[in-house]
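*Asks:* Here's a structure for you.
The values are calculated or read from the model by the stated rules, or taken from the named source; none is laboratory data. Given the structure is predicted, the values throughout are model-derived calculations rather than measurements. As a convention, Cβ positions derive from the backbone with ideal geometry for all residues, glycine included, and neighbour counts pool all protein chains shown. What goes into the accessible areas is simple: the full protein's heavy atoms, side chains included, and nothing from ligands, DNA or RNA. Shrake-Rupley method; radii C 1.70, N 1.55, O 1.52, S 1.80 Å.
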Amino acid sequence: MRKKNNSIERKQYLRKKTITKVSIFITQVTLVILFIALWEILANKGIIDSFITSQPSRMLKTFMSLSQNGLLEHLGVTCYETIVGFLSGAILGVIVAIILWWSKFLSKVSEPFLVILNSLPKIALGPVIIIWVGAGTSAIIVMALAISLIVTILEILNGFLNTDSEKIKMARTFNANRFQLLTKIVIPANISTFINSLKVNIGLSLVGVISGEFLVSKAGLRIFNSIWRASIPT
Amino acid sequence: MREVLKLENVSKTYQAKNGEIEALKNINFSVKEGEFVSIIGPSGCGKSTLLSIIAGLEKKSSGKIYIDEIETENISSKIGYMLQKDSLLEWRTIYNNVIFGLEITHRKTKENEKYVKDLLKKYNLYEFKDKYPAQLSGGMRQRVALIRTLAIRPEILLLDEAFSALDYQTRIMVTKDIYDILKNENITTVMVTHDISEAISMSDRVIVLSKRPATVKKIHKINFEIENKDPMNARKSPKFSNYFDSLWKELDVDAKEK
Ligand SMILES: Nc1ncnc2c1ncn2[C@@H]1O[C@H](COP(=O)(O)OP(=O)(O)OP(=O)(O)O)[C@@H](O)[C@H]1O
Ligand SMILES: [Mg+2]
């Protein structure tokens, strides 16, 4: 009974949905504009100190002048590092979580180690990482990985282990093997866990990359951070 | 007639950190081909445990189970088990839920898909085949779960309170429909229920279990001596209330002993 969208109620329903979507987007854009405008105005009036907080118009000017010095390339480097760190963290995290889900024994064995690793201050590992992989892009990516990987493993494994046991039982009544349980029940049931973990991860990877750049920057935003600081009169 | 299912001294004790729970103790009974047997007993006595053991999902502590006269330990492809909860997969459409078992058992053939589509039509679910479980009522979901179980064409069907989510009228209707299908297809059925009337109206025999640890207390033969018996005309038979009274008393004694 796939009715064409001809009933009035259906039309209204669809319209309402579009309106909600559009208004959410408009509100988001407005909030950003308002924020920037307020910042600019307050800085102009001297209510906030632009030497500390800078000012949108100045940042734009600096951005323009720095663009000629290759800001965009450096931005690109940072993006690239973040994306590589992010993707490898996500992929490795999921693979490890699957292995640990597969073997209860392994997951029990590794549990305390994961917790300890997770509580390590990873940024302090920076110098060690440089010794291991050299002071280059790879060090930065490893830094991003170090920060996001363990959290990803813990979060996704937790989601896997909390899959509705009744659903697993149902699949087992059809004699599903462990691989089928994984692909047909556990993974699809955890799509929202994946998405949540990705959302958190992209931020963590960026933190990892920036802190990596602080340690070993030949390229990337960190260089500009220094140049920019230098260019602000104090 | 052949005995398709036979239990010999089946016992089960659950082991846990904080002690053991004896759920089943020396259960003995057998079910003939095409027979419909109900199991009733006080809540928590071990009915679901018993079905899970027959289905091979749960390991028994001792005893033997024969399916088609062959001793069986593991999950058998001859058994279809409909659990107490419908457990539809909310990310799959109704159609993809219904063929889940076929997919898992690698039997998604044209013929089987046609069979499934016919069942969907018969249960007025065909027009919902592209919808998602969240868009269905409780009764509809339970019918979907039943079709998912029937799709693999089991020889033996295990039902665990399969109709409990249905309202009374739908329940009477669905039980009649299902009864007809099961008798037509000559499927042997073991049904757990807490509804005495349901047990009497559908069954050839009713097994009464004691409270935990469950033992077989009594097996009642139900015979209405009507031609083309079905759950509807069984309920109208004068013998119905006799059966009801004796089963009620047996369960009641149990409740008082507590
Ligand atoms: N996985 C388990 N581990 C330990 N004990 C269990 C487990 N499953 C069930 N039991 C225990 O076994 C006993 C029987 O449980 P079961 O679910 O078979 O009862 P039931 O007769 O189906 O009850 P109900 O009528 O409420 O559905 C209960 O006392 C329960 O506590
Ligand atoms: Mg039960």
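*Asks:* Give segment A:50-98 a look and list any residue that's more than 15 Å from A:VAL209 (Cβ to Cβ), part of a helix (DSSP H, G or I) and open to solvent by 90 Å² or more (accessible area, probe 1.4 Å), or say none.
*Replies:* Selection gives A:PHE51, A:ILE52, A:ARG58, A:LEU60, A:LYS61, A:MET64, A:LEU72, A:GLU73, A:ILE91.
*Asks:* When you look at B:GLU8, is it surrounded by fewer than 14 Cβ atoms within 10 Å (Cβ to Cβ) and more than 16 Å from ligand 2 (Cβ to nearest atom), yes or no?
*Replies:* Numbers: surrounded by fewer than 14 Cβ atoms within 10 Å (Cβ to Cβ): no; more than 16 Å from ligand 2 (Cβ to nearest atom): yes.
Judged against the criteria, B:GLU8 is not a match.
*Asks:* From the residues in segment B:20-66 that are of a type outside the set (Gly, Ala, Ser) and within 14 Å of chain A (Cβ to nearest Cβ), which one is nearest to ligand 1 (Cβ to nearest atom)? Explain how you work it out, then say what you get.
*Replies:* Taking segment B:20-66 and keeping what is of a type outside the set (Gly, Ala, Ser), we get B:20-22, B:24-29, B:31-33, B:35-37, B:39-40, B:42, B:45, B:47, B:49-51, B:53-54, B:57-60, B:64-66.
Then keep just the ones that are within 14 Å of chain A (Cβ to nearest Cβ); that gives B:49, B:51, B:53-54, B:57-59.
Working: B:THR49: 3, B:LEU51: 8, B:ILE53: 9, B:ILE54: 12, B:LEU57: 10, B:GLU58: 8, B:LYS59: 11 Å.
Residue satisfying both the conditions and the ranking: B:THR49.
*Asks:* Continuing with the same structure: With the structure loaded, tell me whether A:PHE113 is part of a helix (DSSP H, G or I), surrounded by fewer than 19 Cβ atoms within 10 Å (Cβ to Cβ) and within 14 Å of chain B (Cβ to nearest Cβ) or whether it fails that test.
*Replies:* Against the criterion (part of a helix (DSSP H, G or I), surrounded by fewer than 19 Cβ atoms within 10 Å (Cβ to Cβ) and within 14 Å of chain B (Cβ to nearest Cβ)), A:PHE113 does not qualify.
*Asks:* Quick one: in segment B:102-146, of everything that is assigned to a helix (DSSP H, G or I) and basic (Lys, Arg), which residue is most open to solvent (accessible area, probe 1.4 Å)?
*Replies:* In this case the residue turns out to be B:LYS110.
*Asks:* Please verify whether segment B:54-68 includes one or more residues that are buried (at least 16 other Cβ atoms within 10 Å of the Cβ), farther than 15 Å from B:ARG2 by Cα, within 11 Å of ligand 2 (Cβ to nearest atom) and touching a residue at least 40 places away in the same chain (Cβ under 8 Å).
*Replies:* no
*Asks:* Follow-up. Restricting attention to segment A:147-162, report how many residues are surrounded by 22 or more Cβ atoms within 10 Å (Cβ to Cβ) and among the small types (Gly, Ala, Ser).
*Replies:* Number of matching residues: 1.
*Asks:* Give all pairs with beta carbons closer than 8 Å in which a residue from segment A:178-189 that is more than 14 Å from A:LEU157 (Cβ to Cβ) and facing chain B (nearest Cβ under 10 Å) meets a residue that is open to solvent by 30 Å² or more (accessible area, probe 1.4 Å) and part of a helix (DSSP H, G or I); count only pairs at least 6 apart in sequence or on separate chains.
*Replies:* Partner pairs satisfying both residue conditions: A:LEU181/A:ILE168; A:LEU181/A:ARG172; A:LYS184/B:GLU103; A:ILE185/A:ILE168.
*Asks:* Just checking: which of the strands (runs of 3 or more DSSP E) contained wholly in segment B:176-237 hold 2 or more residues that are within 19 Å of B:GLU161 (Cβ to Cβ)? Lay out the reasoning, then the answer.
*Replies:* Values: elements: B:188-192, B:205-209, B:216-221.
Passing ranges, in order: B:188-192, B:205-209.
*Asks:* In segment B:1-53, how many are over 21 Å from B:SER197 (Cα atoms) and not polar (S, T, N, Q)?
*Replies:* Selection size over segment B:1-53: 26.
*Asks:* What is the residue count in segment B:182-230 for residues that are at pLDDT 95 or above and surrounded by fewer than 17 Cβ atoms within 10 Å (Cβ to Cβ)?
*Replies:* 0
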